[in-house]
Amino acid sequence: MRRFVVLGHRATTSPEFSLDDLSGATGRLDILLRCINSSFFLSHSIRKDVEIHLILQGPPSPTKTIRFVGSELKYLNPDERSTAALIRSSLSQRAEGEKKTSPGIYMSSRKYSDVISLLAKDSQIYYLKEQGHDVRRLPSFEQDITFVLGDDRDLTPEEEQVLFEYDPIEVSLGPESLHADHCITIVHNELDRRLEKN
């Protein structure tokens, strides 16, 4: 299983947002929407062995985490507007624990530290960081892997401290600073190529 954890540092936790202003009034929710697309969409199908955890940390409510599960998804389309509508629907529901809000989409009040703690039990954690080890020089990847990255902002020192408790492998994807959704595409490409060789 490939998993991605993306921190939306300003992403709204309210369902009261307009689908016509996804980059302005939502705390850059548009970045997370593009990360969803990069996580799942192939040319003519959806990746089934992928999950993405979006951690929405913006106002007005406490942190919300929305998890997309590729093997269960039914109503995901490539356009950002319809995906934003799925997220808006999730945010409009109250959840004790984690609640399914649509096929393959789950909403919870888990904080970043909760998500990382849960995933680290069964998964090797990789931290996508510009100063990390070159991804092409890493000898191998585990079967269950989780990649952690920020939106248009780096992880804060406090967020890094939480992550470092689980001994993540720091990975760089190249010499240039990239958009979050592009990072996900490159990770998929690297892993796909390695699988092809086996």
Seminar exercise, completed: Out of (1) of a type in the set (G, A, S); (2) modelled with pLDDT of 95 or more; (3) more than 22 Å from E16 (Cβ to Cβ), the one A84 does not meet is (3)
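One line per residue, one yes/no per condition, for (1) surrounded by 18 or more Cβ atoms within 10 Å (Cβ to Cβ); (2) in a loop (DSSP other than H, G, I, E, B); (3) of a type in the set (D, E, K, R):
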residue: I116; (1), (2), (3): yes, no, no
residue: T146; (1), (2), (3): yes, no, no
residue: D154; (1), (2), (3): no, yes, yes
residue: Q161; (1), (2), (3): no, no, no
Exercise. Which members of region 107-146 meet the condition of being closer than 17 Å to R2 by Cβ and within 14 Å of the chain's Cα centre (by Cα)?
Worked result: V115, I116, L119, I125, Y126, Y127, L128, I145, T146
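Could you say which residue among S45, S39 is of a type outside the set (V, I, T) and buried (at least 22 other Cβ atoms within 10 Å of the Cβ)? Please lay out each step first, then the result.
Values: S45 fails: buried (at least 22 other Cβ atoms within 10 Å of the Cβ).
Selected residue: S39, the only one of S45, S39 that is of a type outside the set (V, I, T) and buried (at least 22 other Cβ atoms within 10 Å of the Cβ).
Got at least one residue in region 71-80 being assigned to a helix (DSSP H, G or I) and over 30 Å from P168 (Cα atoms)? Give the steps one after another, and end with the answer.
Going residue by residue through region 71-80, those that are assigned to a helix (DSSP H, G or I) are 80.
Next, only the ones that are over 30 Å from P168 (Cα atoms) stay: 80.
So far as region 71-80 goes, yes, one or more of its residues are assigned to a helix (DSSP H, G or I) and over 30 Å from P168 (Cα atoms).
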For this session: Can you work out which of the residues in region 93-107 that are farther than 17 Å from S71 by Cα and of a type in the set (G, A, S) is surrounded by the fewest Cβ atoms within 10 Å (Cβ to Cβ)?
Result: G97
Seminar exercise, completed: Of the candidates G132, G27, the one satisfying the condition of being surrounded by 15 or more Cβ atoms within 10 Å (Cβ to Cβ) and in a loop (DSSP other than H, G, I, E, B) is G27
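The values are calculated or read from the model by the stated rules, or taken from the named source; none is laboratory data. Quick caveat: nothing in here was measured; it's all calculated off a predicted structure. For neighbour counting, all protein chains shown are included, and Cβ atoms are generated from backbone atoms with ideal geometry for every residue, glycine included.
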